[in-house]
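Worksheet for the structure shown next.
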């Protein structure tokens, strides 16, 4: 039995060997890039057909295909926070979290941005002073409703 | 002597009494909304003229104006994470953090999105199935360079 | 300036002095019991009219009334977990959390019970072997939807 | 020797392969759904006959059957809290825990809801605005008694 | 308003000034020693008559008397664990906890010793090799019962 | 090489297979029940003859016998605290720890109950309202002595 | 009411103003240096006569004298560990702790060095390559004895 | 490849089988007892000749000999603190740490006891009231010097 | 009585009001910049003459002057780590710490860089691609020596 | 599949067997010492040619070569902090971190030293009173820029 997390490591390795980008895999599955990458790293259950398509592209075994379809325990653990590429997002939340909260309440009232009815996008935006990483977080507003 | 954090609480209170939105304050200062809100909550030092303009709008005392100009120790502490409006951003990082990392490396190479040369925007995007909170994180790419 | 948490302590004290139950206060406000208790303890912003009604019932000062209307940072901190009456709920989540997850996925698919579009009720159910505490958690299902 | 936790993973896997729902297994064992799911995931010791019945339904080996009957160390660990489906219950406790405590004391006096003499139920309640997850926590009241 | 914890410190101080032992106070209230000491330190709500009796013995103010009757948030915090007199009990639990669990299951079946329907006693037992601290923990057995 | 902890798991398993209670094993070794159970779970070094007697009763291999005689690193870790049967003892310490400390100082002066020169006993005491778990903690008083 | 810890800070300050060393105070009280310093910092209860003698030497108020006689909650908290002068002792325990354990068991059998029946001494030992801090920890051996 | 820690466990086991005390091993290597024990448990790199001598005494394999010579990551982890024999040293630091700091500053000025230019000794000192564990910590004083 | 930490906040404030840089203060005291800044923030005891000189420059009260001369408990706490300007140093240690260790052992043998016999310097080094922060850490090598 | 961390351990071992210093390896790769050591310990991805060159020098297998080229999760974990050689750097940050922050803001304005556009060097500087470890941290200044 292969755990979701192990399956994710196998996929990450297989992708390098297959010489494919995450963007190419997403395009062949007809799914968004962030969703596809997250799902293949074990954060979403995949449909049988998506898992099969990934398996063909990346030459994955049956146990990995089965693992990709399983319902995950989501979350990536504390150790991952220390990685500088990921830490910068946590730092921005430390600095701008309360401002985000104030502005969400000001524009929408009492409630939250859903992280379930949610999509995310990463873009490279050219800039003469250095290209920019632009990440869009897009979630449905949910108001506190009794 | 007023601490930055206390100054932030005084400002938040004064804003309600003055009947102003953060957006209106930002507009009068001619500064972006997220920056203005974060600065007034104590996460950025403000220039003397910005602090004075805010003081006039919100009827703040001299010690608060002084505190707003001071260099902060940035960060908002662990307790703030539990608030549901802020927690959803942490949750999305738990679920999508490794995917963000993979895609940043794929699109840019080895490096990070800067949280210093950085801007952020919160928008309300109308949607027939429920309006959406769209937050844009926009930071300069910095490559690991020895 | 009175903090939400301090306001909650003042309310709790005032309620005892006024000789009123939470149920009676909830009934006079025409709001559910759990919502009313949580709001008066500082976990929800109250409308001006609800805050005024509570103030009259409990003889609260203007600063407490103002605090009750403020948008809260929600959450009750780690120390509260140790209280035995609250701990039993955490213990039940430790024991039955994964089973809850399995059954929610089985009955609804991939998603969560909303804690925002949510209501809760506490009842005393008579039982010859000892009356029972019955707590109903009732939240809208939200499916993972990109 | 198979640990309870490993046995739980084997069972979860076997259930998918057998094409059975937790509800169907519970029905065949004649036991409540939450209890059955929790027990098969390793949170309760099972009687020899229940374990044998489960083994037949799910085609489990003798060592798994033995593990299912063993007395567990209960609890599911910190990592599980981060999963969004489980986290929402923790969040509701953060927000409503003190209100629960107040209302239990008001309706019953000084004491707790037992998590030992306890049962729990998950239901899907249809609702035109979106079906609802309704979870009932039902425990005997125990008063502080010297 | 006096917090339960502050009230406990006032009581502890007043007891020394009054030249009374906890045992004497317990005797005059007609309550067990451990219960009385814990209640006066803020871990139990006291009845109006018990609080009044304590107030007379120890010359306590009205706000302390009110605090003693209030429902507590129970628990004494992490810092207290480091005190050597208290730590030895934690150490014994570290060493003998699993053995206690095995023997409770062996003698009673699956369940727990209640910490609610519970009493405790501290005695000094003379011994030629050095007197002994004998603490009796006595709680009703509660079996896991659905 | 078998670790003490692994040896403890092997012993626990073997005991069930041998159809023996901890009490029976303790009786055959001529040792107290709590001591015997703790030692066989790896919290005390056993003498060669005790280890050999246990090995014969439980049909243990030579490496387990060797492990049972080894000097342990005592303590059972944080995870164990969450188990409800063990947690109740921690909860009672949270609630009654400071009262225990006060009464030990009152009856003995400044010092501690030894957890080294120490014995413990678990009894089932019949009670018409439900049998009781009575645990006696009995340690030599040690006074702070320079 | 003055807390033990505050009393310790007052004493530390008063000692500097009085121009006395800890060694001189210890000598006048006729007590060992480490004991005297620890007691005046709030880690031991002092006898009325010792407290009075210290009060005279250091010109302390009645509330401080009372605090010095009170039974302490011992321990100095986590923050203190970071101080380099104190940290080196923790570091030596990290490096040599298991060796200490092995040698204590080898020389004495199964048991511990008492930290209650215990004395400690700090000396400055001249050395041509740099004087040495020599700290002697001297505690009664206590064997595990049931 | 054998890790230092594993090598330490192999050595500890081999020592028992060889029927040698740590003191005897130290004597044959011509090294102090605490140093020898710590080094063989993996806290110091050993010279090739010392490692070879230990290998001959204890019949160790080549990979263990290699591991003993490797530069360690020093420290023994949090779990070890709970062992009562080791914990007493931590407790004494909790109680006497600030007094140690005061006396070191008084006798030497601003600085620390080195834990690098450092030696330690464990002795059994006979005493009619019970033999004593006497541990000498002896480190060069280092003054804060810019 | 003013604590060292409070004194540091007063100094930081007074410096801004006096319109002096840390470099100017350091120059007038004839001390290195990092040392002077750290000492005035409460991490070193200052000599009476240095404290007096600082008091004159910054118009400090007698209690602050006294606080500056007191022996500190060094360390700046966990909260400070989150500040981005300070965090980058922690991050570099996370990434390069083991490499530093390897190279120190390679160039010097088994031992450490002293943080006591230590000096540090911050420089601004012009660079056409952006000026650089260059921090030099310079400590005496101390070899492990028994 | 070999993890980066395991690859680092294999490299560290192979280097000793090959009788090469990190400095020699760095020289043959034509890369700085700290970078080379960090990269070979798994903190940087290596180019195929650098990995191949290292493989030839150190006689590494193909899976290790592949691991060295993989993008790492950077960071070295909490356990590493306890090692004395690494801890001294953390201690210096505890003592001098706020001073560093003040001086960076004074010399550059509001911003940080980059840990990405960053280089580090370790030197042995001869000194008659004992050679010195001099570590240079050199990062581009990044100003907070919206």
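The values are calculated or read from the model by the stated rules, or taken from the named source; none is laboratory data. Keep in mind it's a predicted model, so treat the numbers as computed, not measured. Heads up, the Cβs are rebuilt from the backbone with ideal geometry, glycines too, and the neighbour counts pull from every protein chain shown.
Remarks
- Residue I:54 meets each of the listed conditions (1) within 14 Å of the chain's Cα centre (by Cα); (2) more than 14 Å from chain G (Cβ to nearest Cβ); (3) under 26 Å from residue H:105 (Cα atoms) apart from (1).
- Filtered residue count, segment E:9-30, keeping only those that are within 13 Å of chain F (Cβ to nearest Cβ), touching a helix residue (DSSP H, G or I) at 6+ places or on another chain (Cβ under 7 Å) and surrounded by 19 or more Cβ atoms within 10 Å (Cβ to Cβ): 5
- Selection count, segment F:93-124, where residues are within 7 Å of another protein chain (Cβ to nearest Cβ) and under 30 Å from residue F:9 (Cβ atoms): 11
- Boolean, residue J:83 is out of contact with any strand residue (DSSP E or B) (no Cβ under 6 Å at 6 or more places or on another chain) and not assigned by TED's automatic domain parsing to the domain that holds residue J:38: yes
- Once segment E:74-92 is narrowed to residues that are over 14 Å from the mean Cα position of the chain (by Cα) and outside any helix (DSSP H, G or I), the residue that is farthest from the other protein chains (Cβ to nearest Cβ) is E:78.
- Qualifying residue in segment I:40-48 (condition: more than 10 Å from every other protein chain (Cβ to nearest Cβ), without any contact (Cβ under 8 Å) to a residue 24 or more places away in the chain and under 22 Å from residue G:83 (Cα atoms)): yes
- Considering F:43, F:24, the condition of being assigned to a loop (DSSP other than H, G, I, E, B), under 17 Å from the mean Cα position of the chain (by Cα) and at pLDDT 95 or above is satisfied by F:43 alone.
- Taking each residue of segment B:1-27 that is free of Cβ contacts under 8 Å to residues at least 12 places away in the same chain and looking for partners that are surrounded by fewer than 16 Cβ atoms within 10 Å (Cβ to Cβ) with beta-carbon atoms closer than 6 Å, six or more apart or interchain, yields B:13/C:1.
- Selected residue [assigned by TED's automatic domain parsing to the domain that holds residue I:9, buried (at least 22 other Cβ atoms within 10 Å of the Cβ) and either within 17 Å of the chain's Cα centre (by Cα) or modelled with pLDDT of 95 or more (or both)] from I:34, I:95: I:34
- Residues satisfying the stated conditions in segment G:117-141, i.e. touching a residue at least 60 places away in the same chain (Cβ under 8 Å) and either buried (at least 21 other Cβ atoms within 10 Å of the Cβ) or within 30 Å of residue H:72 (Cα to Cα) (or both): G:120, G:122
- Residue match in segment F:104-116 (condition: in contact with a helix residue (DSSP H, G or I) (Cβ under 9 Å, 6 or more places away or on another chain), surrounded by fewer than 23 Cβ atoms within 10 Å (Cβ to Cβ) and in a loop (DSSP other than H, G, I, E, B)): yes
- Test: residue in segment A:125-145 that is away from chain D (no Cβ under 12 Å), assigned to a helix (DSSP H, G or I) and under 16 Å from the mean Cα position of the chain (by Cα): no
- Check on residue G:56, surrounded by fewer than 20 Cβ atoms within 10 Å (Cβ to Cβ), in a helix (DSSP H, G or I) and in contact (Cβ under 8 Å) with a residue 40 or more places away in the chain: no
- Here residue H:63 meets each of (1) surrounded by 17 or more Cβ atoms within 10 Å (Cβ to Cβ); (2) within 13 Å of chain J (Cβ to nearest Cβ) with one exception, condition (1).
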